[in-house]
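Coordinate-derived values only; no laboratory data. Computed from a predicted model, the values in this text were never measured in an experiment. Ideal geometry is used to build each Cβ from the backbone, glycine not excepted, and the neighbour counts take in all protein chains shown.
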Amino acid sequence: VYDRTPLIAGNWKMNLDHQQAVTLVQKLSWILTDADHDFEKVEVAVFPPFTDLRSVQTLVAGDRLPLMYGAQDVSAEESGAFTGEISAQFLSKLGCRYVLVGHSERRTLHGEDDAMANRKLTAALRHGLAPILCVGEGLDVRQAGRHVEHTLAQLRGALEGLSTEQVTDMVVAYEPVWAIGTGEVAGPDDAQQMCAALRADVASRYGEEAAAGLRLLYGGSVKSSNAASILREKDVDGLLVGGASLDEAEFANIVRFEH
Ligand code: PEP
């Protein structure tokens, strides 16, 4: 059995003011440290807004906090006349380990497609960031029974032209759009079915080794009350948590799913 370190990731979206962001990082770290959480056994990462990243970096480095952090988006461009964009190099210099790519809110609200996700993945990987590629179907697709085919097409589109090494360095999050921020959570079976399909697809294209090492997350209305049952599934290696990551006690309980 391949040993994949579980990853619990908290996507704060456009929430919290700067002070609240700093306080949340501190409190989360205290709660988990007090509870003797083994950060090597279960990795924890937060995804604050861009404007908090410098302070999070200072806090994590200064206090040697065991948390990882990343950004919610990245530019596909290297540098230059791209007003408002944030480059992978900037994020890498800020100590980001991860970056979300192709989140459904970026796809829906900003028209990002698989080709754009592909360019962003490439930019992130070029600067040593581990992208977390988000894929998943909307309600209409699920109801039509085409969710596996749809999600695999997103995966293939986003991975186009990437090497096996590049695929090995990334994480994929299955986030059914109908479950994001709705309180409606996919059943553990649904999460397992999709994660197994994603892993099998990666195996067929990049080999068993790459597939066995690839971490697959589930996201969509995860709470401490449903986290453990989803994480028990064999192809689910972690969670991407939105709303429930804004409360340190709730998020810590998700992180400590085995307790
Ligand atoms: C998300 O934004 O990635 C997410 C899963 O949100 P929520 O947990 O609030 O559904």
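Centre-to-centre, using Cα atoms only, the stretch 18-54 and the stretch 85-119 are separated by 21 Å.
Which entries of Lys27/Lys223; Lys120/Lys234; Lys13/Lys120; Lys13/Lys93; Lys41/Lys223 show an alpha-carbon separation above 25 angstrom in the structure shown? Walk me through the numbers before you get to the answer.
On the way: Lys27/Lys223 18 Å; Lys120/Lys234 29 Å; Lys13/Lys120 18 Å; Lys13/Lys93 21 Å; Lys41/Lys223 20 Å.
Over 25 Å apart, Cα to Cα: Lys120/Lys234.
Using just its DSSP H runs of length 4 or more, each adding -39500 (n - 2.57), the chain gives a mean residue ellipticity at 222 nm of -13000 deg cm²/dmol after division by all residues. Annotation note: chymotrypsin sites (Phe, Trp or Tyr not before Pro) in the stretch 52-135 located in DSSP loop regions with a Cβ neighbour count of at most 15 within 10 Å are Phe82. Amide hydrogen proximity for Ala173: with H placed 1.01 Å from N in the peptide plane, the residues at 5 or more positions away or on another chain lying under 5 Å are Leu133, Cys134, Val135, Leu217. Say a site is exposed when it is one of the trypsin sites (Lys or Arg not before Pro), sits in a DSSP loop, and has at most 12 other Cβ atoms within 10 Å; what is then the longest site-free stretch of the chain? Value returned for the longest uninterrupted segment is 65-231. With semi-axes defined as the square roots of five times the eigenvalues of the C-alpha gyration tensor, the equivalent ellipsoid of the chain measures 25, 22, 18 Å, largest first.
Can I get the semi-axes of the stretch 174-259's equivalent ellipsoid? Compute them from the C-alpha gyration tensor as square roots of 5 times the eigenvalues, in angstrom, largest first.
24, 14, 10
Each residue in Met14, Met116 was given a count of other beta-carbon atoms within 10 angstrom of its own, and listing them fewest first yields Met14, Met116. Compared with the alpha-carbon gap, the fully stretched path from Arg205 to Lys13 is longer by 65.9 nm at 0.36 nm per residue.
Ranking of Phe251, Phe257 by neighbouring Cβ atoms within 10 Å, starting from the fewest: Phe257, Phe251.
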